[in-house]
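Structure first, then comments.
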Amino acid sequence: MSVRVVLADDHRILREGLRRSLEAQGLDVVGEAADGEEAIELAEALHPDVVLMDVTMPVLDGVEATRRIRHRLPAVRVVVLTMHADEATMARAIRVGADGYLVKDCSSDEIADTVRLVAAGETPVSRQVAASMLDEVHRVPDSGAEELVSKREEEVLQLIADGCSSAEVADRLYISQKTVKNHLASIYQKLDARDRTQAVLRAVRMGIVRLG
């Protein structure tokens, strides 16, 4: 089943180029938004798998639009695609619930791959996101956790922090993908995290894993 995508960017030419490249790779672009408010409206009307979201847009910026979409429609994932590679912007997007973060100089293949991973429930931790997470670690103290993760969960977390998908984690640890998902569910509960990015961030703060 094809992944359904809404594009949100105020540059029409860029949207048209993204539509062509994503559709050429088998993704289904079901709507286009020129500002943050329109992105929210389309997400609510169309319930896409993923919204590919620019940051700097009129009416409502992409970070606030991401926050509202993730609050109102938890099943709709958001990948931020922007010209802004600064850590502050990335940290803002991550905090409000972005599931992926790409800078516009990346390839169309990387965009399509990230959209597919996010739609499948993955949360890719790119080098740029890792840098932003490190900045957050330095600025925000850890509040601690009542229960530490197991050794196997620590291994899963470290591989996720290294950028591995669930399939890659399963291959490296010689376990099934279902077992990986079970470990992740346990990790989320123990670290009070909603997704991989937040789990890795909290694990780094606690000194459980390291970002390279």
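For the range 34-109, the relative contact order is 30 percent, taking Cα pairs closer than 8 Å that sit 6 or more residues apart in sequence and dividing their mean separation by the residue count.
Taking the number of Cβ atoms within 10 Å of each Cβ as an exposure proxy, the fewest-first ranking of Glu32, Glu110 is Glu110, Glu32. Ordered by the number of other Cβ atoms lying within 10 Å of each residue's own Cβ, fewest first, Ile40, Ile175 fall into the sequence Ile175, Ile40.
Counted by neighbouring Cβ atoms within 10 Å, the residues Met83, Met53, Met90, Met206 run from fewest to most as Met83, Met206, Met90, Met53.
Using the Cβ-Cβ distance between Ala88 and Arg12 with R0 set to 25 Å, the FRET efficiency works out to roughly 0.35. Taking the Cα centre of the chain as origin and assigning +1 to Lys and Arg Cβ atoms and -1 to Asp and Glu Cβ atoms, the resulting dipole is close to 600 debye. Comparing Leu81, Leu157, Leu18 in a Gaussian network model of the chain where C-alpha atoms under 10 Å apart are linked, the largest mean-square fluctuation is found at Leu18.
Each of Thr179 and Arg116 was given a label point 7 Å from its Cα along the Cα-to-Cβ line. The distance between the two points is 2.6 nm. Between the labelled values [x] 1.37; [y] 1.00; [z] 0.95, the entry that holds Cα Rg over 2.2 N^0.38 Å as derived from this structure is [y].
Only the coordinates and a few stated rules stand behind these numbers; no lab work does. Because the structure is a prediction, the values reported are computed rather than measured. As a convention, Cβ positions derive from the backbone with ideal geometry for all residues, glycine included, and neighbour counts pool all protein chains shown.
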